[in-house]
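Enquirer: Here it is: the structure, laid out below.
The values are calculated or read from the model by the stated rules, or taken from the named source; none is laboratory data. This is a predicted model, so every value here is computed, not measured. Note that we place each Cβ from the backbone using ideal geometry, even for glycine, and neighbour counts take in every protein chain shown.
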Number of protein chains: 2
Amino acid sequence: MRAVIIAVGDELITGATLDTNSAELASHLTALGIAVTRHLTVGDDAEPIADAIGAAAAEADLVLVTGGLGPTLDDLSRQGLAQAMGVELVEDPRQIARIAAFFTALGREMKPSNRTQALIPAGADAIDNDWGTAPGIAARIGAARIFVLPGPPQEMRAVFGERVEPLLVTDGAIVRRLLQTYGAGESDVGERIADLMDRRANPTVGTTVREGVITVRITARDPDPDAARRAADRTAREVRRRLGEMVFGEDDQTLPGVIGDALRGAGATVAVAESCTGGLVGKLLTDPPGASQWFVGGTVAYSNEVKTDHLGVPAEALATGGAVSEPVARALAEGARQRFGADWGIGVTGIAGPTGGTADKPVGLVYIAIASNQGADVRRHTFIGPRDRIRSRASMTALNLLRLALRAAGKTTAGRHQA
Amino acid sequence: MRAVIIAVGDELITGATLDTNSAELASHLTALGIAVTRHLTVGDDAEPIADAIGAAAAEADLVLVTGGLGPTLDDLSRQGLAQAMGVELVEDPRQIARIAAFFTALGREMKPSNRTQALIPAGADAIDNDWGTAPGIAARIGAARIFVLPGPPQEMRAVFGERVEPLLVTDGAIVRRLLQTYGAGESDVGERIADLMDRRANPTVGTTVREGVITVRITARDPDPDAARRAADRTAREVRRRLGEMVFGEDDQTLPGVIGDALRGAGATVAVAESCTGGLVGKLLTDPPGASQWFVGGTVAYSNEVKTDHLGVPAEALATGGAVSEPVARALAEGARQRFGADWGIGVTGIAGPTGGTADKPVGLVYIAIASNQGADVRRHTFIGPRDRIRSRASMTALNLLRLALRAAGKTTAGRHQA
């Protein structure tokens, strides 16, 4: 099965907006074993839209179009599709009612222009959109199936995932598992699971990376939904076995979210003392809603005076080993824990660059300490890249070390309970 | 003049990597007054690359291709172009020497596979690449000019900006000015300069938005470089006049960078006490290198106890008006200033959501205070959107308020000096 993806919009063609829909759809189709042969972006004119859809339908089995379904005069994907099909647009009364209901639910007035969103090419079907006003469209040209989806990424994602993707697996079910990992490079992860990553395999296994988090994506297809689920789970278990404690979560879990859940589950709290990361560790720890249940507070200790006055770092440690050193990281973590009255303390000190490095202490050197009532554990890391990457990786690594410490502490506790 | 942009790569076609090159090139071409009619993405196969280049050359005056110039077997843009031109590939001895020199400069061994990067279609010209091993290629098919650029975004950007863009302005020079603004929506900015934003005008004026920062992009073309510069400066002055103090910088200046420069220039320092933003204000203030010259430190005061114990917020203020209130924001800013011994203090307290809002104090309500030796000024803002957007906008707005306060203080000082 071959697919072409078309994105519509003047804001895309002029580069004012970055098209993320096409890549997102491509990765879903690839996971389903559908070969994407081309992506195409065209502007808001009916003629090029019709040409693009017509040409794509002639060469592919599946054509996905995003965008151009808004209520304004320059939203012309409906017209383009009708033209490619050689039919007229007709108003779908059911969609008029849905759009009206959508506005009522928002407590807003439906504008006359929104009526145009209920226009569907004759012979095509509207696809219900519960997440916005624009219905999608399902059509056929010759043997090719065409789906037109709304352009806003959240709506596109929801309509595709809920309404279109299930139709693409004619012979059964798709089951997807995501495993979230931290602590290795993408090529390291790739090497450990290389034999599982054959594109023609079922389940398919792929990786993507963002801010150091590597997501392993497992997609199983099978006529029998239960068999698909079992195959996905089996592969997920195998990937977990190979990647070990690198795996921190599943599906849309995040590192801050997993830490928040672990702290809340243990009834524990954390505080932070950070230097080179400038507040980013605190920011990440408070990303999840409800963070006040586990996050007490933090100190951004940029100057040496703040380190001694606010956190009790011994002036001697600063004088002897310098601010970027193992004892200072330890004192920061312990200071944060004590001064904020938290169960756990994080201390981070390093050289984010681009200047300030020496042969002994290069740019990218960061000491990260995790303190608990069992003492403090300090790790030395050297991150590479520009300043913002060093700060981001240092912060995420601090969170990951806290995660591993919480995990180890949980095991000890569990062990004690068993004993 | 009409252009087609082609991106090459299996990693793009499968959605594993997001293509940012096409949008970046499109925005440059649009600014030059060149109409981009299509973007196209194809995989790493010579046939579709040749077909795409051939079709694009038949319909456009200019074809830009990115990617597929690496040293491995699946880098086939050279072959695809040669096929579209109906010629053979020939080795360019000058490029062999350049590639060898590039490896020598890095202190690394040149691999035999890198020799393939010096293959250029007969009749085409290599484009020197000082930023990587892959030369670009300039060619013609009929009346169309074809440029093939390396795929890594930094290399693509450098080769395009230094070697290709100058060739596209056959009748003179291009001068670009960027104005960075904060404090209004994109549509507000657009309304104030709507008459300048005609796509066919010279200079062209466009806007892009990222994290609340609206960038106004001015591009002037003129046979005479001085005349282009004068036209760009004239339009930049007019945009500045209309947008007033919203404009915080030019070209690649950032809000944290401008604040850092202003503080360093005044020999002043800043400290921060933040609640709902969790450390993000501190993180932003320490984004620029050398931040230790103006940033002393910060407290992330998530719990009420931290607000009173670490920053001296009166327990009475917390009890009477609640943690999210004008007096608490003021006390946070003053507490930060005093406890860290800084000239300026920032205080932020608000409700980032998604829960915790009331009719009186909805999700998104944030009080931001700026304290100096002249007292503290508190603003009430209501931001909309999800939790991360509210935290990001609150933090950037805090920086912007500090910028405006520094500006006003600078004017007062300047006034005094004059008196």
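Enquirer: Please work out which residue is nearest to A:Ser325 (Cα to Cα), limiting yourself to segment A:367-390 and to residues that are within 14 Å of chain B (Cβ to nearest Cβ) and surrounded by 20 or more Cβ atoms within 10 Å (Cβ to Cβ).
Expert: A:Ile390
Enquirer: Based on what the data block shows, is A:Leu18 more than 24 Å from the chain's Cα centre (by Cα) and not hydroxyl-bearing (Ser, Thr, Tyr)?
Expert: The answer is no for A:Leu18.
Enquirer: How many of the residues making up segment B:55-114 are in contact with a Phe, Trp or Tyr (Cβ under 8 Å, 6 or more places away or on another chain), under 21 Å from B:Gly151 (Cβ atoms) and not hydrophobic (A, V, I, L, M, F, W, C)?
Expert: Count: 1.
Enquirer: Of the numbered conditions (1) outside any helix (DSSP H, G or I); (2) more than 8 Å from chain B (Cβ to nearest Cβ), A:Gln338 fails exactly one; give the number of that condition.
Expert: Evaluating A:Gln338 over (1) outside any helix (DSSP H, G or I); (2) more than 8 Å from chain B (Cβ to nearest Cβ) leaves (1) as the failure.
Enquirer: State the number of residues belonging to segment A:136-148 that are under 27 Å from the mean Cα position of the chain (by Cα) and closer than 14 Å to A:Val4 by Cα.
Expert: Total meeting the criteria: 2.
Enquirer: Hey, A:Thr358 hits all of (1) more than 9 Å from chain B (Cβ to nearest Cβ); (2) of a type outside the set (A, V, I, L, M); (3) in contact with a strand residue (DSSP E or B) (Cβ under 8 Å, 6 or more places away or on another chain); (4) part of a loop (DSSP other than H, G, I, E, B) but one; which does it fall short on?
Expert: (3)
Enquirer: Which ones in segment B:101-141 are buried (at least 16 other Cβ atoms within 10 Å of the Cβ) and in a helix (DSSP H, G or I)?
Expert: Those that are buried (at least 16 other Cβ atoms within 10 Å of the Cβ) and in a helix (DSSP H, G or I): B:Phe102, B:Asn114, B:Thr116, B:Gln117, B:Ala118.
Enquirer: Which number in (1) at pLDDT below 85; (2) touching a strand residue (DSSP E or B) at 6+ places or on another chain (Cβ under 9 Å); (3) more than 18 Å from B:Ala35 (Cα to Cα) marks the one condition that B:Arg199 misses?
Expert: B:Arg199 satisfies all of (1) at pLDDT below 85; (2) touching a strand residue (DSSP E or B) at 6+ places or on another chain (Cβ under 9 Å); (3) more than 18 Å from B:Ala35 (Cα to Cα) except (3).
Enquirer: Looking only at segment B:262-283, which residues are in a helix (DSSP H, G or I) and either within 8 Å of another protein chain (Cβ to nearest Cβ) or under 17 Å from B:Gly341 (Cα atoms) (or both)?
Expert: Of everything in segment B:262-283, those that are in a helix (DSSP H, G or I) and either within 8 Å of another protein chain (Cβ to nearest Cβ) or under 17 Å from B:Gly341 (Cα atoms) (or both) turn out to be B:Leu263, B:Arg264, B:Ala266, B:Leu280, B:Val281, B:Gly282, B:Lys283.
Enquirer: Within segment B:66-76, count every residue that is in contact with a helix residue (DSSP H, G or I) (Cβ under 6 Å, 6 or more places away or on another chain) and either within 12 Å of chain A (Cβ to nearest Cβ) or not aliphatic (A, V, I, L, M) (or both).
Expert: Total meeting the criteria: 3.
Enquirer: Collect the residues in segment B:30-45 that are out of contact with any helix residue (DSSP H, G or I) (no Cβ under 8 Å at 6 or more places or on another chain) and surrounded by 20 or more Cβ atoms within 10 Å (Cβ to Cβ), keeping them in residue-number order.
Expert: Selection gives B:Thr30, B:Ala31.
Enquirer: I need a count of the residues in segment A:1-26 that are surrounded by fewer than 20 Cβ atoms within 10 Å (Cβ to Cβ), within 7 Å of chain B (Cβ to nearest Cβ) and of a type outside the set (A, V, I, L, M).
Expert: Matching residues across segment A:1-26 total 3.
Enquirer: Which residues, counting only those in segment B:151-187, are under 17 Å from the mean Cα position of the chain (by Cα) and among the basic types (Lys, Arg)?
Expert: Those that are under 17 Å from the mean Cα position of the chain (by Cα) and among the basic types (Lys, Arg): B:Arg157, B:Arg176, B:Arg177.
Enquirer: Against the definition (assigned to a loop (DSSP other than H, G, I, E, B), over 26 Å from B:Met197 (Cα atoms) and either within 12 Å of chain B (Cβ to nearest Cβ) or in contact (Cβ under 8 Å) with a residue 12 or more places away in the chain (or both)), how does A:Val63 come out, yes or no?
Expert: Spelling it out, it is not the case that A:Val63 is assigned to a loop (DSSP other than H, G, I, E, B), over 26 Å from B:Met197 (Cα atoms) and either within 12 Å of chain B (Cβ to nearest Cβ) or in contact (Cβ under 8 Å) with a residue 12 or more places away in the chain (or both).
Enquirer: Among the candidates A:Thr104, A:Thr66, single out the residue that is under 30 Å from A:Leu18 (Cα atoms) and not aliphatic (A, V, I, L, M).
Expert: Exactly one residue qualifies, and that residue is A:Thr66.
Enquirer: Count, please, the residues in segment B:284-303 that happen to be outside any strand (DSSP E or B), among the aliphatic types (A, V, I, L, M) and over 22 Å from B:Ala352 (Cα atoms).
Expert: Number of matching residues: 1.
Enquirer: What's the total number of residues in segment B:292-311 that are among the hydrophobic types (A, V, I, L, M, F, W, C), facing chain A (nearest Cβ under 8 Å), out of contact with any Phe, Trp or Tyr (no Cβ under 6 Å at 6 or more places or on another chain) and surrounded by 24 or more Cβ atoms within 10 Å (Cβ to Cβ)?
Expert: Residues meeting the conditions: 2.
Enquirer: Tally time: how many residues in segment B:33-52 are part of a loop (DSSP other than H, G, I, E, B), within 10 Å of chain A (Cβ to nearest Cβ) and closer than 18 Å to A:Ala23 by Cβ?
Expert: Summing the residues that are part of a loop (DSSP other than H, G, I, E, B), within 10 Å of chain A (Cβ to nearest Cβ) and closer than 18 Å to A:Ala23 by Cβ in segment B:33-52 gives 1.
Enquirer: Within the group A:Glu155, A:Glu165, which residue is part of a helix (DSSP H, G or I), under 15 Å from A:Ala31 (Cα atoms) and either modelled with pLDDT of 90 or more or of a type in the set (Asp, Glu) (or both)?
Expert: Matching residue, one of A:Glu155, A:Glu165: A:Glu165.
Enquirer: Has segment A:213-229 got at least one residue that is of a type in the set (Asp, Glu), at negative phi, touching a residue at least 24 places away in the same chain (Cβ under 8 Å) and more than 10 Å from chain B (Cβ to nearest Cβ)?
Expert: So far as segment A:213-229 goes, yes, one or more of its residues are of a type in the set (Asp, Glu), at negative phi, touching a residue at least 24 places away in the same chain (Cβ under 8 Å) and more than 10 Å from chain B (Cβ to nearest Cβ).
Enquirer: Condition first: within 21 Å of A:Gly290 (Cβ to Cβ) and over 19 Å from the mean Cα position of the chain (by Cα). Now tell me which residues in segment B:379-399 satisfy that.
Expert: Within segment B:379-399, B:Phe383, B:Ile384, B:Gly385, B:Pro386, B:Arg387, B:Asp388, B:Ile390, B:Arg391, B:Ala394 meet the criteria.
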